[in-house]
C-alpha cells in the first residue's frame with residue numbers, strides 16, 4: 001500500500017466525470033488520499049476530452065507547465081487519461097516525454113496498476129482499441145468510486161455510441177455501443193440506495209437506445225422478440241427502488257425518442273421532470289449533413305408529445321452554429337425552431353472541427369469564424385429570452401430542492417436544485433447539510449437561476465458521512 005496523494009483534473013462530459021470518480025476510487029483503494037494542493041500531490045491525473053478543437057492545445061499547455069511541478073520534487077507522476085489520450089495514443093509521450101502514464105477510455109480499471117508499473121519501470125502507454133469484456137472492467141460503475149457529491153451517484157447504463165454524427169469523435173474514442181445488463185444496473189441502484197443516496201443519474205452516450213443490442217442478441221439466439229430499446233423499462237425499474245427520490249438521465253438522442261419513454265417519465269414519480277433534448281440545428285439541410293437522423297418538424301413533434309405527456313417538463317438543448325455549409329437561411333431556421341421550442345436553457349457551441357471526423361474534411365464549406373461568432377450572439381439572445389420567460393413563470397411557486405451547498409458568491413446563501421434541474425438560491429441563517437430536501441418559495445428569476453425564500457425542511461440526508469478518526 002502507498003501513502004501518496006493525488007489530484008484528478010477532469011475535462012469534458014459527464015462520462016469523463018464518472019471515469020474520474022472511478023480513477024479516484026481506485027487510487028484510494030490503493031492507499032492514496034486526495035491532495036488539497038498541487039504541492040502536496042504525488043500524482044496528478046489529467047482526464048481529457050477531445051470534443052473541442054483547442055483541447056489538444058490545452059492539454060499540452062498543461063503538461064508543459066506541469067513539467068516544472070514534476071521536476072520540483074522526487075517521485076511525482078503525471079497521468080494522461082481519457083478521450084484525448086485514446087485519440088493521440090503514443091503521440092502524448094512523444095510530445096511530453098515527462099508524462100508517466102498514458103491510458104485510454106477502455107482501461108480505467110487499470111489506473112492504479114499502471115501508476116505502480118510506471119514507478120518501477122518508467123513511462124508507459126496503454127490504449128485498448130475496444131472495451132474489455134471480461135470481469136468488471138467494461139463498465140466504470142463496477143469499480144470503486146470517490147464521488148464529488150455524497151447524495152448523488154452516476155450510474156453507467158451503456159458505453160460507446162453507434163451513431164455517425166459527422167461532427168462527433170465520440171464513437172472513435174469510446175467505441176461501439178454496449179448496454180450493461182439490466183439486473184446489474186438495478187442491483188447497483190439498490191446498493192446505492194442502501195448507502196443513503198437518494199438521487200441517481202443514468203449515464204450513457206445515447207441512453208434512450210439502451211438495451212437495443214441486448215434485444216438483438218436475444219433475437220439472434222432465440223429467433224423471437226423485437227429489437228427495441230429497453231430504456232423505458234429501465235426508468236421504471238430504477239424509479240421503483242426504495243429510497244431513490246430522484247432519477248435523471250443524460251443524454252438521449254432525438255431519433256431514438258419513443259412514446260413509451262415519455263410515459264415512463266410521466267408515470268414514475270422518482271423520474272425528474274427534466275429532459276435534455278439536443279437539437280444541434282433547426283435546418284433540415286444542416287441536420288442531414290450532420291447525419292442526425294431527424295428533421296426539425298419531427299424534433300418539434302416529439303417535443304410537443306413529451307410536454308403533453310409530462311406535466312411541468314423543463315427542456316434543455318444543445319445547438320451548434322457555424323456548421324460547414326450553414327447559410328444565413330439555415331441559421332435563421334435554427335433561431336425560429338429554438339424560439340418555437342422555448343427551451344429552459346441551451347448550450348450553444350460554435351463549430352469546431354475535430355481531426356478524424358467527417359465534418360473536419362468539409363474545409364471548402366467552413367463558415368467564417370466571425371460569422372459563426374455573430375450567429376452565436378444572435379442565438380444566445382433568443383434562447384436567453386426563452387430562459388428568462390420560463391423562469392419568471394415559476395415565481396410564486398413552491399419548489400422542492402435538494403441542497404447542494406453554500407453559494408460560491410454569496411455568504412449565507414444556500415444553493416439547491418429543483419426537480420427541473422434549476423439552481424435555486426435562498427438565504428438561510430444556519431448551515432444545512434448537503435443532500436437535505438426542502439421546500440422553497442420562488443420570489444424572483446434570472447436567466448440561469450432562481451431566487452427564493454425557505455419554507456420548510458422536508459427531510460434530512462440519509463447518505464453516510466465518513467469522519468476522520470484520530471487515535472488517542
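The values are calculated or read from the model by the stated rules, or taken from the named source; none is laboratory data. From a predicted model like this one, the values you see are computed outputs, not experimental measurements. A quick note on method: Cβ atoms are made from the backbone with ideal geometry, for glycine too, and the neighbour counts reach across all protein chains shown.
Considering (1) touching a residue at least 24 places away in the same chain (Cβ under 8 Å); (2) under 30 Å from residue 460 (Cβ atoms), the lone condition that residue 187 does not fulfil carries the number (1). If the condition is being surrounded by 14 or more Cβ atoms within 10 Å (Cβ to Cβ) and more than 21 Å from the chain's Cα centre (by Cα), then the stretch 399-423 contributes 399, 400, 406, 407, 413, 414.
Residues in the stretch 331-369 that are in contact with a helix residue (DSSP H, G or I) (Cβ under 7 Å, 6 or more places away or on another chain), more than 21 Å from residue 295 (Cβ to Cβ) and in a loop (DSSP other than H, G, I, E, B): 344, 353, 354, 356. Tell me, yes or no, whether the stretch 303-325 has at least one residue that is within 22 Å of the chain's Cα centre (by Cα), free of Cβ contacts under 8 Å to residues at least 40 places away in the same chain and in a helix (DSSP H, G or I). Taking every residue of the stretch 303-325 in turn, at least one turns out to be within 22 Å of the chain's Cα centre (by Cα), free of Cβ contacts under 8 Å to residues at least 40 places away in the same chain and in a helix (DSSP H, G or I). Give me the residue from the stretch 170-203 that is surrounded by fewer than 20 Cβ atoms within 10 Å (Cβ to Cβ) and in a loop (DSSP other than H, G, I, E, B) and, out of that set, modelled with the lowest pLDDT. Looking at the filtered set, the residue picked out is 176.
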